Amino acid sequence: MKRILFIILLLVSVAINAQEFWDYRSINVTTTGTPGVAEDINLLSDADFIYVFTVGVGQIALGANWDIKPTDPGTPGQVIRILYDGYIAPGVHTFEIMDQEFTNVQCGLTERNQIYIEAVWVSRWMVYMFQSLDPGVGWIEDPMIVDGAILTAAIEDEAVTLAKLEDLTLGNILIGSGMNRPEEQTITGDIGLNISGVTNIVGYAIHNSHINNSAAIAYGKLALTGAILNADLAGSVALDKLATLAVSMAVVTDGTGEITTDAGVDVTELGHLDGVTGPIQAQLDDRTDLTLTNTYVYVGDGSNDAAGVDMTGDIDIDNTGVTTIQSGAVESTMILDGTIIPSNLSTDLQTEMITFTLSFETGYTGTQNYKIKIPYDANLIYIYTCVTKAIEATNVAEIYFQDNAGNNVAGSGLVAGILTIAAASVQGTVDEAEPNSINVFVAGNILQISSKKTNAGGEVIVTLIFERQD
């Protein structure tokens with residue numbers, strides 16, 4: 001009842017204010033069919049007041065864009081009044097009245113509300129829209145201004161902020177177009193611009209034609225490498241303009257004709273040619289005796305002239321320059337003290353031999369310990385024993401060999417550092433061993449030797465051979 005009363009009062013109020021009766025037309029959105037074709041209103045003969053409504057409860061989903069607008073232009077002062085009463089769902093498709101989209105101003109979702117629209121023609125349609133003050137709504141929609149309705153003269157100077165402008169693509173600028181209107185454009189060409197307003201000249205953008213003839217270009221900006229040719233030089237080039245050459249060396253031309261220096265000829269060598277005239281080689285040939293007896297050498301004589309002589313004495317030379325010390329030429333006085341080391345000697349001169357007797361007679365049974373101090377750097381390389389008195393037949397005789405640290409000498413003929421002499425060995429029986437590890441002694445080291453036999457009887461001679469390492 002309240003809604004009906006609002007419509008009646010609104011119609012009566014509008015009629016009284018206008019002092020005339022309007023032609024009336026109603027449009028049922030839900031019975032018009034699938035919205036998609038604009039509802040055309042004949043402004044001259046059809047209607048001055050339109051009632052747009054939906055029936056039922058809930059929103060109306062549009063299947064296509066749907067408009068209610070006149071097809072003919074208006075006449076100055078002409079007014080069209082529209083009462084919208086119903087539900088329309090916002091979404092993919094639009095619902096427009098007088099080119100104004102009903103998306104944010106649709107009626108409430110839980111109760112019906114009316115929107116009153118008044119359009120006035122003043123060179124274009126000026127559209128005003130008001131919403132009813134039903135409970136639960138409590139607001140009046142601001143007037144909606146159509147595109148192009150606000151003229152420049154109506155805008156106060158400096159009143160429009162940057163926030164009112166349309167979005168401007170990152171890095172783009174506004175520039176006057178051919179229509180004398182601001183237009184968004186991307187900066188291209190020779191100049192770049194970042195979002196802070198900093199400009200930069202892009203690479204390789206500057207060409208010769210861009211440079212003013214009076215521009216004072218710094219020397220360092222010139223790319224002169226390979227640019228100045230011989231034909232560009234007028235007259236001779238001063239010597240101080242040439243690249244620096246090697247100090248005090250002869251100047252020559254290389255295989256390409258470029259000036260360079262000869263690393264083998266310096267000013268001292270050139271000084272030897274002082275006073276020489278004509279071809280140098282010919283004059284040198286005249287001063288040299290090119291005939292020299294095979295294996296002879298030139299030696300300066302008493303007149304300071306070169307003379308060919310045969311090399312004799314301690315040294316001989318062949319025609320390839322190889323010298324040879326003559327047999328028997330080296331005497332003791334020619335050798336510097338401390339020069340010859342054991343490795344320079346023949347094998348027999350590099351060895352040292354130690355010989356001693358070990359007894360297994362009464363008083364020397366059990367374990368007997370002995371020590372030999374080695375006065376030079378050497379390796380124990382050979383052990384030789386010979387029985388000089390028969391070994392008692394009950395048990396064997398053993399000889400232990402250990403290095404300075406007490407480690408058993410190892411090698412062929414040794415077991416855990418022990419050389420064993422068989423029981424009942426007769427006089428002249430020989431046993432031997434060849435140590436090859438734990439056999440190194442430096443000067444001052446001790447060779448530790450132990451003899452062992454349970455029952456008395458027997459005697460041997462022991463010979464040790466060392467190879468010098470100093």
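The values are calculated or read from the model by the stated rules, or taken from the named source; none is laboratory data. Bear in mind that the values here come from a model prediction, so they are computed numbers and not experimental data. Glycine also receives a Cβ, built like all others from the backbone with ideal geometry; neighbour counts cover every protein chain displayed.
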Within segment 275-294, can one find any residue that is at pLDDT 70 or above, closer than 30 Å to GLU331 by Cα and not acidic (Asp, Glu)?
yes
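ASP348 - would you say it is at pLDDT below 95 and charged (D, E, K, R)? Let's see the steps before the verdict.
Details: at pLDDT below 95: yes; charged (D, E, K, R): yes.
Judged against the criteria, ASP348 is a match.
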It is to be established whether one or more residues within segment 164-186 are modelled with pLDDT under 80, more than 60 Å from the chain's Cα centre (by Cα) and closer than 30 Å to ILE80 by Cβ.
no
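Identify the residue in segment 350-400 that is of a type in the set (Gly, Ala, Ser) and in a strand (DSSP E or B) and, among all such residues, is farthest from the chain's Cα centre (by Cα).
First, the residues of segment 350-400 that are of a type in the set (Gly, Ala, Ser): 359, 363, 366, 378, 390, 393, 397.
Pick out the ones that are also in a strand (DSSP E or B) and you get 359, 366, 378, 397.
Working: SER359: 80, GLY366: 78, ALA378: 57, ALA397: 76 Å.
Filtering first and then ranking leaves SER359.
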Would you check if ASP316 is modelled with pLDDT of 75 or more and in a strand (DSSP E or B)?
yes
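Do the conditions hold for VAL322, that is, is it exposed (fewer than 11 other Cβ atoms within 10 Å of the Cβ) and either modelled with pLDDT under 80 or not hydroxyl-bearing (Ser, Thr, Tyr) (or both)?
Values: exposed (fewer than 11 other Cβ atoms within 10 Å of the Cβ): yes; either modelled with pLDDT under 80 or not hydroxyl-bearing (Ser, Thr, Tyr) (or both): yes.
Yes: the conditions hold for VAL322.
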Return the total of residues in segment 397-416 being buried (at least 20 other Cβ atoms within 10 Å of the Cβ), within 16 Å of THR367 (Cα to Cα) and not aromatic (Phe, Trp, Tyr).
2
If you go through segment 421-447 one residue at a time, how many are surrounded by fewer than 16 Cβ atoms within 10 Å (Cβ to Cβ) and under 21 Å from VAL460 (Cβ atoms)?
8
Pick out, from segment 422-470, the strands (runs of 3 or more DSSP E) lying fully within it that include 1 or more residues that are without any contact (Cβ under 8 Å) to a residue 12 or more places away in the chain and small (Gly, Ala, Ser).
none
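Using the structure shown, decide if TYR376 is out of contact with any His (no Cβ under 7 Å at 6 or more places or on another chain), among the hydroxyl-bearing types (Ser, Thr, Tyr), buried (at least 17 other Cβ atoms within 10 Å of the Cβ) and within 27 Å of ASN436 (Cβ to Cβ). Break it down stepwise before answering.
Details: out of contact with any His (no Cβ under 7 Å at 6 or more places or on another chain): yes; among the hydroxyl-bearing types (Ser, Thr, Tyr): yes; buried (at least 17 other Cβ atoms within 10 Å of the Cβ): no; within 27 Å of ASN436 (Cβ to Cβ): yes.
Answer is no for this residue.
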